[in-house]
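The values are calculated or read from the model by the stated rules, or taken from the named source; none is laboratory data. If you're wondering where the values come from, they're calculated on a predicted model, not measured in any experiment. Using ideal geometry, Cβ is built from the backbone for each residue, glycine included, and neighbour counts are taken over all protein chains shown. Just so you know, the surface numbers come from the protein's heavy atoms only, side chains and all, with ligands and any DNA or RNA stripped out. Shrake-Rupley method; radii C 1.70, N 1.55, O 1.52, S 1.80 Å.
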Amino acid sequence: SILDAGCGTGINLALLSEFGSVLGVDRSEEAIRFCHLRQATNVRQAELESLPFGEATFDLVTALDVLEHIPNDGQALGEIARVCRPGGYVLITVPVFPSLWCEHDEINHHVRRYEPRRIRELIAENGLSIVHQSFMNAWLLPAALLWRWRKQIIRLFARNEDLARADNMHHCRWINSLLTAIFSSEAPFVASVGLPIGLSLAILARKKS
C-alpha cells in the first residue's frame, strides 16, 4: 500500500504501481486535472499538512521533491509519518545547500533548499530512522553550478525579469537525452554505496515500531 504525497501531475504513479497499490494526493486542483489526463483516477486533492487518512494506513509513503514547497514542512512530515505503518518506509527527495539558491528555485515556488543536517533532524524528530541516504545529481553538479552562476550574472546586468526561466525548460532533444543518460547512470551508486555530494538528497527512512 503506497501513498505518493504531493503527486503533482502523476508522473510517478505508474512507476510506483509496479510495487503495489498506489494512491496519490496533491493540494493543487490543476495537478489533479493533469493526473486525470494521464488516466490516473487514484488521486485525491488534499493538503499534506492534514492528510485525510487514518493512522498507519500505508506501507510506503513517498514525498519526491515536495517538502521544499511547504512552509510548515515539519507538520507535513509529521502527517506523512502518521499515515505510515510501524515498520513501514518513507522515501524523501529534497534539493540541498541553501547557497545554491537561484531563480530556478523561485520559479518552481520553492520555500527553501535544505541543509542536509536539517532534513535528517526533521526526519528523526518525526519518529523515523534513516535506512539509506544518498546525494543525487552529482555528475552534473559542476555543470549546474556554472550554468546557474552564468544566469545570475546575465540577470544582474540585464535587470530583466523576463529572462527568468526554470533550468528544466529547454527542449533540445539530444541535450535532454544526454542529460537523462548522465543522470540515470547515477542510479546504481545512489541505490548502493550512496553519492557524497550533489544537488539533491534522497533519504529512505523507516517508521519505528
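Things worth noting here:
- Positions within region 125-142 being of a type outside the set (S, T, N, Q) and either surrounded by 12 or more Cβ atoms within 10 Å (Cβ to Cβ) or assigned to a strand (DSSP E or B) (or both), in sequence order: Glu125, Gly127, Leu128, Ile130, Val131, His132, Phe135, Met136, Ala138, Trp139, Leu140, Leu141
- If you filter region 167-209 down to residues that are within 25 Å of Gly87 (Cα to Cα), of a type outside the set (A, V, I, L, M) and assigned to a strand (DSSP E or B), you find that the one that is most open to solvent (accessible area, probe 1.4 Å) is Arg206.
- When restricted to residues that are modelled with pLDDT under 60, among the basic types (Lys, Arg) and surrounded by fewer than 11 Cβ atoms within 10 Å (Cβ to Cβ), region 143-166 contains 1.
- Taking residues in region 109-123 that are touching a residue at least 24 places away in the same chain (Cβ under 8 Å), and partners anywhere that are among the hydroxyl-bearing types (Ser, Thr, Tyr), the pairs with Cβ atoms closer than 9 Å and at least 6 places apart or on different chains are Arg113/Ser99; Leu122/Tyr114; Ile123/Ser129.
- Within region 1-48, the set of residues being surrounded by 20 or more Cβ atoms within 10 Å (Cβ to Cβ) and either part of a helix (DSSP H, G or I) or in contact (Cβ under 8 Å) with a residue 60 or more places away in the chain (or both) comprises Ile2, Leu3, Asp4, Ala5, Gly6, Leu13, Leu16, Ile32, Cys35, Leu48.
- Subset tally (residues that are under 17 Å from Asn12 (Cα atoms) and part of a helix (DSSP H, G or I)) for region 49-81: 1
- Enumeration of residues in region 49-60 that are touching an Asp or Glu at 6+ places or on another chain (Cβ under 9 Å) and surrounded by fewer than 16 Cβ atoms within 10 Å (Cβ to Cβ): Ser50
- Of all residue pairs spaced 6 or more apart or on separate chains, those with beta-carbon atoms under 7 Å, a first member in region 134-158 that is farther than 16 Å from Leu179 by Cβ and a second member that is open to solvent by 50 Å² or more (accessible area, probe 1.4 Å) and at pLDDT below 80 are Ile154/Leu163; Arg155/Leu163.
- Within region 88-102, considering residues that are open to solvent by less than 20 Å² (accessible area, probe 1.4 Å) and of a type outside the set (Ser, Thr, Tyr), the one modelled with the lowest pLDDT: Cys102
- Unique residue being touching a Lys or Arg at 6+ places or on another chain (Cβ under 7 Å) and either under 28 Å from Lys208 (Cα atoms) or not β-branched (Val, Ile, Thr) (or both) when the list is Glu68, Glu106, Glu125: Glu68
- Pairs linking a residue in region 177-195 that is within 20 Å of Ala144 (Cα to Cα) and among the β-branched types (Val, Ile, Thr) to a residue that is at pLDDT below 95 and open to solvent by 60 Å² or more (accessible area, probe 1.4 Å), with Cβ atoms under 6 Å and 6 or more positions apart or on different chains, are Ile182/Trp139.
- If the condition is being farther than 18 Å from Val83 by Cα and among the charged types (D, E, K, R), then region 1-48 contributes Glu18, Glu29, Glu30, Arg33, Arg38.
- Residue within region 14-24 that is of a type in the set (S, T, N, Q) and closer than 30 Å to Arg148 by Cβ present: no
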